[in-house]
Amino acid sequence: MASPAIATLQDAYRQCRDVGMRLSRQRRLVLELLWREKEHLSARDIFERLNSDGRSIGHTSVYQNLEALQSAGIIECIERASGRLYGYRSDPHSHLICEASGSILDLDVVLPEALLLRIEAETGYCITGYTLQLSGTPSAARSPISGRPAESRGMAMGNAGGEDDARQGNHLPVQGDL
Ligand SMILES: [Zn+2]
C-alpha cells in the first residue's frame, strides 16, 4: 500500500500533515463533518450542514477543501450523474446503492477465493484488488441498514450460514490486500 490506512479522524489529520497540507479551521470542519456523518455528501450538503450547525464557512472554501482532500487521497470522491459526492473513507471499499432513495452504503465485500481463482483462470489476469457496486431496494423481509451508517460493514460472501458473522461489522480483510 502506498500510504497507511486512515482509520480515524486523527489519522486523517496526520495524513494531511504528512502530505504537507495545512490543517486550517475550515479543513478541520470539513473532515470532522465527514467523519461524524459517515455518509456520501455533496459539497452543497456539507456547506448546508456546517452552516446549520452554526459553523460559518463559505461555499467556495468547502468546495476547495473537498477538492484538496480528495486529490491528496484523504477522502473519497464518487462521480455521480447528479455531481460529486464525498465520503470519509479513502481505502478501497464497495458500495450498495439504494434504488429508492439514492443513498449509498459503504461495504467491505470479500469474495470467495474460489471465485477469484476462477476469474484469474478465465481471464489470464492476476487479480490485485476489487470494489463492487451493488444496487438494491430495501427488503420488506428484514429491516435494511438505512439512514446514517455508523460504521462500515464487513461481509464475507459465500460464507454459508454465516449471516450473523457477516452482520457484525468487523473489518474483514480489505479487498486491496489480496
Ligand atoms: Zn464510500
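Any read-out appearing in this document is the output of simple, stated calculations on the displayed coordinates, not a laboratory observation. If you're wondering where the values come from, they're calculated on a predicted model, not measured in any experiment. In this analysis, Cβ positions are derived from the backbone assuming ideal geometry, glycine residues included, and neighbour counts consider all displayed protein chains.
Would you kindly calculate the translational diffusion coefficient of segment 62-141, applying Stokes-Einstein with the Kirkwood radius from alpha carbon pairs, for 10 °C and a viscosity of 1.306 mPa s, and quote it in µm² s⁻¹ without decimals?
Details: Rh = 15.0 Å.
Value of D from the Cα-based Kirkwood radius: 106 µm²/s.
Take the Cα pairs of segment 19-108, get the Kirkwood Rh, then feed it into Stokes-Einstein at 20 °C and 1.002 mPa s and tell me D in µm²/s. It would help to have the intermediate numbers written out before the result.
Working: Rh = 13.5 Å.
After rounding, the answer is 159 µm²/s.
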- [ ] Work out the FRET efficiency for MET21 and ARG44 from their Cβ-Cβ distance, taking R0 = 30 Å, and round it to the nearest 0.05.
- [x] 0.85
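Please give the length that would be gained between ASN51 and SER101 if that part of the chain were fully extended, namely 0.36 nm times their separation in residues minus their C-alpha to C-alpha distance (nm, one decimal).
Values: separation 50, 0.36 × 50 = 18.00 nm, distance 2.42 nm.
Contour length minus the Cα-Cα distance gives 15.6 nm.
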- [ ] Would you mind calculating the gained length between CYS126 and THR60 on full extension (0.36 nm times residue separation, minus the Cα-Cα distance), in nm to one decimal?
- [x] 19.5 nm
Task: Per-pair calculated FRET efficiency, R0 = 25 Å: ALA5 and ARG28 via Cβ, rounded to 0.05 - done: 0.75
